[in-house]
Amino acid sequence: MLGKFFQKPDPEFKDRVPPGQHLAKGFPVLTYGQTPQVSTEGWEFKVWGLATPKTFTWNDFMAMPQHEFTADFHCVTTWSKLDVKWRGVKVTDFMNYIEVDPKAAHVMEHCYGGYTTNIAIEDFVREENFFAHTLFDEPLPADHGGPLRLVVPHLYAWKSAKWINGLEFLEQMELGFWERNGYHQRGEPWAEERYSSRW
Ligand SMILES: Nc1nc2c(c(=O)[nH]1)N[C@H]1C(S)=C(S)[C@@H](COP(=O)(O)O)O[C@H]1N2
Ligand SMILES: [Mo]
């Protein structure tokens, strides 16, 4: 697998590349199915379940505090990319705009195109997680999840939902698309939580 597509981790970066991962050249695209074409016009983002239902427009998101983020990105198929530069809205800031029932312990991320992925609320509401609309100073390309995706740097990248358009707050864990198909329910790269032990 090394060679054309992967580089051996540089010693300098070794402590940033989780076990079983290799540095990718470029920034690969990993999508199950078609890339939905979503424009910011008419774009909607909904919150429901154990939260007061609310719908956000693109302008609502752009009016929230905006930040730059640099984060490492680890795909469970064994490639990693370090120092990806994004711009967007912190999850912790976004949470100030919604009302979540204290009983909510899990979140289902929903997307244009139908992809879902589940995350525990303490993994979701973290200072370093963000909704990104800009990648390396360019509008986030459609194949990387534009106009808006979630980025959760501390978990494998299948939790970083592209074309995200909703959050469903849940009391009990439910499984998203890959989690129903054998991926680990949490997906922590340093612990190599790649596949579910149920399989
Ligand atoms: N909606 C949606 N989000 C998704 C995916 C997908 O297929 N659909 N793939 C996931 C996986 S497995 C990875 S590794 C990353 C890949 O992001 P990239 O294509 O920007 O590299 O997006 C994640 N988010
Ligand atoms: Mo992935």
One computes Rg over Rh for segment 81-125 from alpha-carbon atoms, with the Kirkwood Rh, and obtains 1.02
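Taking a ≥ b ≥ c as the square roots of the eigenvalues of the Cα gyration tensor of segment 106-145, is the shape rounded (a/c under 1.5), prolate (a/b larger than b/c) or oblate? Don't skip to the answer; put the middle values down first.
Values: a/c = 4.35, a/b = 1.39, b/c = 3.14.
Here segment 106-145 falls in the oblate category.
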Full extension between Lys14 and Val29 adds, at 0.36 nm per residue less the Cα distance, a length in nm of 3.1 nm
Distribution output for segment 8-71: share of Cα-Cα pairs per 10 Å bin in percent, first bin at 0, values 13, 24, 30, 24, 8
Result for segment 32-91: accessible area per residue, probe 1.4 angstrom, in square angstrom, of 51 Å²
Within the set Val125, Val151, Val107, GNM on the chain using Cα springs under 10 Å gives the largest fluctuation to Val125
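Which shape class, rounded, prolate or oblate, goes with segment 82-199 when its Cα gyration tensor gives a ≥ b ≥ c as root eigenvalues, a/c under 1.5 marks rounded, and past that a/b bigger than b/c marks prolate? Present the calculation step by step, with values, prior to reporting the outcome.
Working: a/c = 1.59, a/b = 1.21, b/c = 1.31.
The shape class here is oblate.
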Note: probe point = Cα of Ala105 + 7 Å toward Cβ; backbone nitrogen < 16 Å; residues of segment 133-174 passing the test are 169-174
Note to self, the chain gives a 222 nm [θ] from helices alone (DSSP H runs n ≥ 4, -39500 (n - 2.57) apiece, / all residues, nearest 500) of -1500 deg cm²/dmol
Amide H proximity to Gly49 below 5 Å, modelled H, separation 5+ or other chain, gives Phe169
Residue span Ile98 to Ala120: 0.36 nm per residue of separation minus Cα-Cα distance leaves a gain in nm of 6.2 nm
Over all viewing directions the Cα convex hull of the chain casts an average projected area in nm² of 11.4 nm²
When the chain is treated as a Gaussian network with springs between alpha carbons less than 10 Å apart, the largest mean-square fluctuation among Gly166, Gly146, Gly114 is found at Gly114
In nm, the gap between the two label points placed 7 Å beyond Cα toward Cβ at Asp143 and Thr78 is 2.2 nm
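The values are calculated or read from the model by the stated rules, or taken from the named source; none is laboratory data. These numbers were taken from a predicted model, which means no experiment stands behind them. Cβ: placed from backbone, ideal geometry, glycine included. Neighbour counts: every protein chain shown. With ligands, DNA and RNA removed, areas are computed over all heavy atoms of the protein, side chains included. Shrake-Rupley method; radii C 1.70, N 1.55, O 1.52, S 1.80 Å.
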